[in-house]
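The values are calculated or read from the model by the stated rules, or taken from the named source; none is laboratory data. As the structure is a computational prediction, the values presented were derived from the model and not from experiment. Note that each Cβ is placed from the backbone with ideal geometry, even for glycine, and that neighbours are counted across all protein chains shown. Accessible surface is based on the protein model in full, side chains and every heavy atom, while ligands, DNA and RNA are left aside. Shrake-Rupley method; radii C 1.70, N 1.55, O 1.52, S 1.80 Å.
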Amino acid sequence: MKYQVVIAGIGGQGAVFLVKVLSIAASLNDQKCLGTENHGMSQRGGQVSCYVKVGDFYSPAIDQGQADLLIALEGNEALRNIQYLKRDGGTIIVNADENFPKTEYETIKIDAFSKAKNREFPIQALNVYMLGVTLARDSHFPFSQENIEEAIRVMNPKVAEQNIGVLHLAIKDAKGIV
Amino acid sequence: MKDILMGNDAIALALIHAGVDMVSGYPGTPSSEILGNFQKYKTKFGVEAYAQWATNEKVGFEVAYAGAIAGKKTCATMKQVGLNVASDALMSASYIGLKGAMLLISADDPGFHSSQTEQDSRSFAKFAKIPVLDPATPAEAYNMVKLGIKISEKFETIVMLRPVMRVCHAREICDVDDKLDFKPNTGEFKRDIPRFAAVPPAGRFRQGLEQFERLELIKEFNWSEFIKPQIKNLNKSKILCLTSGTGHGYVKECVGEMNIKADILKFDMPYPLPKEKIEALFEHYEKVIVFEETYPCIEEQLSSPKLYGKLNGTVHKIDEFSKDKVLNAFVNAKVVESSDNYKNAKYDKELPVRPPNLCPGCPHRDIYYSIMKVFKKKKSIYPSDIGCYTLGLNQGAIDTVLCMGGAVSMASGFSIADPNKTVVATLGDSTFMHSGVSPLINAVYQNHKFILLIMDNSTTAMTGRQTTPQRSNPGTIDIKKLVEGCGVECHEYIYEPNLDKTISFLKMLQKKYEEATGPVVAVMREFCILDKERSSAMLPRIYAKVDEDKCVACDICTTQYKCPPMHYNENHKIEIDPFLCVGCSACIDDLCPTGAFEKVEESVK
Ligand code: SF4
Ligand code: SF4
């Protein structure tokens, strides 16, 4: 099995956290995994993208046309990275409202910002929320919900239950969207 | 034991596992987490070790090197441009060698992700005549640290480890030692004046000859340890790829995915190479292509009409590798037909750019905004330096960025060359300590007239907030005292999120400058938003919003101040992103000419 994920967002949204969770999940499954992050000089508010490659890979970088999945914590950052998706069969999971343009890729969009503004979950957990949406909607995603929950616990037991709560909320929300 | 580690974490753990007990360095992306993680492991395992940030890379190198000639196992960490600073010491140390062991870690940044040059430390190792190991992944970096220490001990030479950003910041499941068998090595300096204080010409000439002999032995070692075991995999096709470090991963994946018939020979130690033995391997092949980041370090050590690489234009010369670039090289060498396998269309409409910017609420933004208000562009020159504050470029308040400490000496140069303009130089506290003091002394004793703002946030912010000398020694080491010690008055401004106040302070400096005959220096006492220890007390947590009725879309806030939360909404009025705003309150009172900025009563945070 080989699965390549691009995670895109803005500095401070916690894209790197997702790389950690996915690498832990892979290791719990005894799968090979390479991850890396790209960020420019800004510490906050700049473009960030991360790569996770599960399976037999030797280089952490992802080329254009290769990724199975793009998880985007913000709409424009999704569009900025779509060239990394496979030309056929790439999936986008994006935090965006109804204005997100149509692309040739299967797209699951959810307006997580509005939900955070309505205080349905804390904005700091946007990354975990989008991971929940991914679990609910990407049928090829190589990790199970139990798998991800365990990885979240391994990563930081102190805040794990709170994060898992957000994960559950996202899974519930994501099942409801079309 | 299996552990998921970031490259810099794997390196730090390997240092402990290799018994290194003196680590000294200066932060620089992508190397910075190595020393920090070493400190973390040191505490976790309760081992006795020295691990400290030095004031600059040269100092860091020299501390570690002295440790190594006194018999300890040591390490110096830095980024590739930091190696330039340490190079004076390295060049000489390479002649002298050592008694214990020393690993010099110089992390490269192919693709200029956060560096002003793309220089290849392997080529520097070649210039300095020391062996270099080039890991391809975090797991390899772990092993190579341990190996590097052994090689250093065996040959009494400094060994370089050259991880690139894609190793330092990659994460991988690594196989690491279960048990820690850490014995601090007792140092004992044994006097050997002809060696450690060799006098030119005879003393150094002799050491120069020894250096050549040593290199021959290391070449043999390179052959038997790293190259020979791979020979059994060769002679299976007509194309041979020579790879090193990360270049290897890209080639291996591309060759596999594109079904290219080619053998791969990986150089774990790209310098020094046993040239003749390697060239003898070419006999069976039609073409030999070299894939390496970023300079032709391997390529320049070999010669053969079969050789393809950067020197004959087969492989790209600048920028990071990608599989597409590897594939292109195969196409250029006429091994395969061209293919668009690694290409895909970008989004075809314009997307709002997010140029690198200071964090929301960063005090540096206020300083640069105020500089632009007080010192008009036509009549000023703004040299700056290396740090977060380089992002003041966004506000038009920076004209030059050269190297660490360059702002001060360049301010001198500009003041001589173009005396009709006011030179307003900016640099950070850590940069000032690193290499800003000697140019300030130079400016004072030669009476160079300029304004220097030392933007002191008491941390090395851009590289992840490492401690600075004054932070760990409050009251003892202080920028104001240092400046005064250089022979000039030091004005002091305690930052507040109050633009009018900051502007008034700069106007006061402007007056001083008019009367001055030498440099006018001020230390701006700031804080870094991400430095929780200090910022939590200093951030007022008063969040901003904009009254749409008052906003006339004049652009002042988004062109002169540029705090990331500020953007136009669909009504073409400014809106503040409530998730990005940190509540510094600086924009609320004095920024907007129509007073459209207001306090938020209840924040979403
Ligand atoms: S990291 Fe600190 S110093 Fe750097 S831009 Fe952000 S707030 Fe400013
Ligand atoms: S209060 Fe204003 S200046 Fe401060 S972070 Fe928020 S938007 Fe930026």
Specify whether the C-alpha gyration tensor of region B:474-518 places it in the rounded, prolate or oblate class, a ≥ b ≥ c being the square roots of the eigenvalues: rounded for a/c under 1.5, otherwise prolate if a/b is larger than b/c and oblate if not. oblate
Could you derive backbone 3J(HN,Hα) for region B:410-421 from the dihedral phi with the Karplus parameters 6.51, -1.76 and 1.60 (θ = phi - 60°), listing whole Hz in sequence and x where the residue is Gly or Pro? 5, 4, 4, x, 5, 5, 7, 6, 9, x, 7, 9
Calculated from DSSP H runs of 4 or more alone, at -39500 (n - 2.57) each and per residue, what is the 222 nm mean residue ellipticity of the protein assembly as shown, nearest 500? -11000 deg cm²/dmol
Helix axis angle, B:499-515 relative to chain B longest principal axis, alpha carbon, degrees: 80 degrees
Leaving ligands, DNA and RNA out of it, work out the accessible area of B:His572 with a 1.4 Å probe and give it in Å² to the nearest 10. 110 Å²
Antiparallel DSSP beta bridges within region B:359-484, as percent of all bridges there, nearest 5: 10 percent
Considering only the other residues whose Cβ falls under 12 Å of the Cβ of B:Asn37, what net charge follows from Lys and Arg at +1 and Asp and Glu at -1? +1
Over chain B, one equal point on each Cα, no solvent: what is log10 I(q)/I(0) by the Debye formula at q = 0.08, 0.10 Å⁻¹? -0.67, -0.99
What is the set of long-range amide H partners of B:Tyr271 at a cut-off below 5 Å, with H atoms built 1.01 Å from backbone N? B:Val132
Which of B:Lys379/B:Lys501; A:Lys102/A:Lys175; A:Lys2/B:Lys287 have a Cα-Cα distance over 26 Å? A:Lys2/B:Lys287
Quick one: ranking B:Lys150, B:Lys287, B:Lys507 by accessible area, 1.4 Å probe, largest first, what do you get? B:Lys150, B:Lys507, B:Lys287
For A:Leu28, B:Leu215, write out the residues from largest to smallest accessible area, computed with a 1.4 angstrom probe and no ligands counted. A:Leu28, B:Leu215
Could I have the simple spin-label model distance between B:Tyr445 and B:Lys349, label points 7 Å from Cα toward Cβ, reported in nm to one decimal? 6.3 nm
What's the extension gain from B:Val47 to B:Lys421 if we count 0.36 nm per residue and subtract their Cα-Cα distance? 129.1 nm
In whole percent, and with a 1.4 Å probe on the protein chains, what portion of the accessible area of region B:363-537 is carbon and sulfur? 53 percent
Accessible area per residue in Å² at 1.4 Å probe, computed on chain A: 38 Å²
Per residue Cα convex hull volume for chain A, in cubic angstrom? 111 Å³
Whole-Å distance linking the alpha carbon centroid of region B:215-271 with that of region B:451-514 is 52 Å
Show me you know the interface measure: the accessible area buried between A and B, both chains summed, probe 1.4 Å, in Å² to the nearest 100. 4500 Å²
Roughly how many Å² is the accessible area per residue of region B:305-451, as a whole number, for a 1.4 Å probe? 42 Å²
How much accessible area does A:Arg44 have with a 1.4 Å probe, in Å² rounded to the nearest 10? 90 Å²
Between helix B:323-332 and chain B, what is the angle of the helix's C-alpha long axis to the longest principal axis, kept within 0 to 90° and rounded to the nearest 10? 50 degrees
Quick one: helix B:33-45 against the long Cα principal axis of chain B, what's the angle to the nearest 10°, folded into 0 to 90? 80 degrees
How much of the accessible area of chain A, probe 1.4 Å, is carbon plus sulfur, in whole percent? 47 percent
Sparsely packed chymotrypsin sites (Phe, Trp or Tyr not before Pro) within region B:272-368, loop by DSSP, other Cβ within 10 Å at most 15: B:Tyr347
Residue-ordered couplings for region A:148-160, obtained by feeding phi - 60° into the Karplus form 6.51 cos²θ - 1.76 cosθ + 1.60 and rounding to whole Hz (Gly and Pro as x), are 5, 4, 5, 4, 5, 5, 4, 5, 8, x, 5, 9, 4
Which value, in Å² rounded to 10, gives the accessible area of A:Ile110 with a 1.4 Å probe and all protein chains present? 10 Å²
Can you flag which of A:Lys53/B:Lys40; A:Lys53/B:Lys532; A:Lys158/B:Lys44; B:Lys126/B:Lys277; B:Lys73/B:Lys179; B:Lys373/B:Lys481 are past 26 Å Cα-Cα? A:Lys53/B:Lys40; A:Lys53/B:Lys532; B:Lys373/B:Lys481
Using amide H atoms built 1.01 Å from N in the peptide plane, name the residues 5+ places from B:Glu292, or on other chains, whose amide H lies under 5 Å from its own. none
With all protein chains present and a 1.4 Å probe, how do B:Glu489, B:Glu57 order by accessible area, largest first? B:Glu489, B:Glu57
Out of residues 5 or more away from B:Cys241 or on other chains, whose amide H comes under 5 Å of its own, with H placed 1.01 Å from N in the peptide plane? B:Asp263, B:Ile264, B:Leu265, B:Ile289
Shape call, the protein assembly as shown: gyration tensor on alpha carbons, a/c limit 1.5: oblate
Apply the Karplus parameterisation 6.51 cos²θ - 1.76 cosθ + 1.60, with θ equal to phi minus 60°, to every residue of region A:27-35 and state each ³J(HN,Hα) to the nearest whole Hz, in sequence, with x for glycine and proline. 5, 4, 8, 6, 9, 6, 7, 10, x
Rounded to whole angstrom, the alpha-carbon centroid of region A:153-178 lies from that of region B:377-393 at a distance of 44 Å
How far apart, in nm, are two points set 7 Å out from the Cα along the Cα-to-Cβ line at A:Gln162 and at B:Asn259? 5.3 nm
When only DSSP loop residues count, what trypsin sites (Lys or Arg not before Pro) in region A:119-178 have their Cβ near at most 15 other Cβ atoms within 10 Å? A:Arg119
